[in-house]
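> Got a structure for you, questions after.
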Amino acid sequence: MKKILFSKEFDKRNIKFRDYLLNKFRKYVNLDTCDLLEIGCGNGRFATLLGSKIKSYTGIEPDEEYLKIAKETTPKDVKAEYHKGRAEDVPIFNKKFNVILYAFSWHFIKDFDKAISEAKRLLKKNGVIVIYEPSKEIKVWNSSKLNKGSKDFDEGLYRNKLLDLDRGRKSISKLVKNGLIIIEEEVDNGELPNCWIIRCQGA
C-alpha cells in the first residue's frame, strides 16, 4: 500500500498547526529548554514544523519506511533523533521529556493503558502530554480513501476511522485512573482538531 506522506511545507495549514501547538506548549514549558517526544511521528511532519523552535525533538514510529523518510527530510537545523517503536513500548531509557506529543496518532494505539504508562515513565516533572486528534467533522483527509466523493472512497475504512477516533476519545476520559488529570481541553470545534493537555496529578 502506498504511504501517505503528510505535507511538511510551511503552508497556511501547517503554520496554523505549528502556531497552535507552540502556543499550547509555552503555557506550560520553556520552549528554549524543551525536549519533545512525538509518538507516531510518521514521515516527520512535526519535526520539521516544531523542531527549530525547541531544544530537541525525538520521534517514535513503528514503520521503518516512514522513519527513513523522516530522517532524510528533516531540516539540518533541527536537532532530531528517531527510534523505531510503538506507543506501548518506547525504546528510550536514559532521557525524559517536557512534552510528549501524539499528533494525529492517539487513535491508532491498541493498548491505551500501556501507552500512558510509557508516557508517565518518560515525562519530566511538571511536563505535559499533548493529544492532538482529528475531528470527526473533517471534510478533507490526507487519504483519498477517506474522502467521500473520491473515486477510491472506502466506506468501511472511513467507518473504522470514525470508530477509532471514538475509541481514542473515550480512553482520554478514563486517564484519571492512571494518575493523570486533563488541565486543558478544546474539542468539537467543527473541522478543527481536538486537543487535550494532560499532566500527572500533583505535578
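> In the stretch 70-90, what count of residues is obtained for those that are of a type outside the set (Asp, Glu), out of contact with any Leu (no Cβ under 7 Å at 6 or more places or on another chain) and closer than 24 Å to Tyr20 by Cβ?
8
> Do we have any residue at all in the stretch 51-59 that's farther than 18 Å from Ala87 by Cβ, assigned to a helix (DSSP H, G or I), at pLDDT 95 or above and charged (D, E, K, R)?
Scanning the stretch 51-59 turns up at least one residue that is farther than 18 Å from Ala87 by Cβ, assigned to a helix (DSSP H, G or I), at pLDDT 95 or above and charged (D, E, K, R).
To keep it simple, each residue is scored yes or no on (1) surrounded by fewer than 19 Cβ atoms within 10 Å (Cβ to Cβ); (2) part of a strand (DSSP E or B).
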site: Leu67; (1), (2): no, no
site: Lys71; (1), (2): yes, no
site: His83; (1), (2): yes, yes
site: Lys95; (1), (2): yes, no
site: Ile100; (1), (2): no, yes
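> Take the residues in the stretch 17-65 that are within 18 Å of Leu122 (Cβ to Cβ) and polar (S, T, N, Q), then tell me which one is surrounded by the most Cβ atoms within 10 Å (Cβ to Cβ).
The qualifying residue surrounded by the most Cβ atoms within 10 Å (Cβ to Cβ) is Thr58.
> Right, another one. Taking the condition of being among the acidic types (Asp, Glu) and within 18 Å of Leu192 (Cβ to Cβ), how many residues in the stretch 8-31 meet it?
Qualifying residue count for the region: 2.
> Something else now. Any idea which of Asp166, Asp152 is in a loop (DSSP other than H, G, I, E, B), more than 27 Å from Asp35 (Cβ to Cβ) and without any contact (Cβ under 8 Å) to a residue 40 or more places away in the chain?
Asp152
The values are calculated or read from the model by the stated rules, or taken from the named source; none is laboratory data. Note that the structure is a prediction, hence the values are computed from the model and not measured. Positions of Cβ are backbone-derived with ideal geometry, glycine not excepted, and every protein chain shown enters the neighbour counts.
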